[in-house]
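In what follows, a single structure is set out as structure tokens and then discussed.
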Amino acid sequence: MPFPKRALFAVFALLSMAAPSWAESLNLRVANGQISDGGKTLSVTLAPQSGRDFATFTRMHVGERMAISFENNVLIAPTLRGAIFASSGQLSLPLGLPEEQVQRMRDQLQRGDLFLRVTAPAE
């Protein structure tokens, strides 16, 4: 006996409501930057494509909390009030990281292979 279409629709609707919301992530490539204030502030310029991707990402997640992280440590997690159009690609972020992570970040900046992860909604 085939499953009735109405019952199938009801099951699908219930599963949709119970399904967890999935976070969307984006890796941002840092073109250059510096760490200042004794390791407490990171100022970066994003690579051009990362700057465009960041603007699109923030536009899609207005009203949600967004986290920017390094090595799975959240640097900042604001609620997006509007899209962030950093046409210059410049961001300044607070660092509350242990010294060894700050040093790894410095090393990655010098090598030109620093990436920051953006996630929304923030967990």
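From the square roots a ≥ b ≥ c of the eigenvalues of the alpha-carbon gyration tensor of the stretch 60-111, which class results: rounded (a/c under 1.5), prolate (a/b over b/c), or oblate? Oblate. Given +1 at the Cβ of Lys and Arg, -1 at the Cβ of Asp and Glu and no other charges, the dipole of the stretch 23-120 around its Cα centre is 240 debye to the nearest 20.
Rule-based calculations on the coordinates, nothing more; no lab input. Everything numeric in this text was worked out from a predicted model, so none of it was measured. FYI the Cβ positions are ideal-geometry reconstructions off the backbone, even for glycines, and counts take in every protein chain you see.
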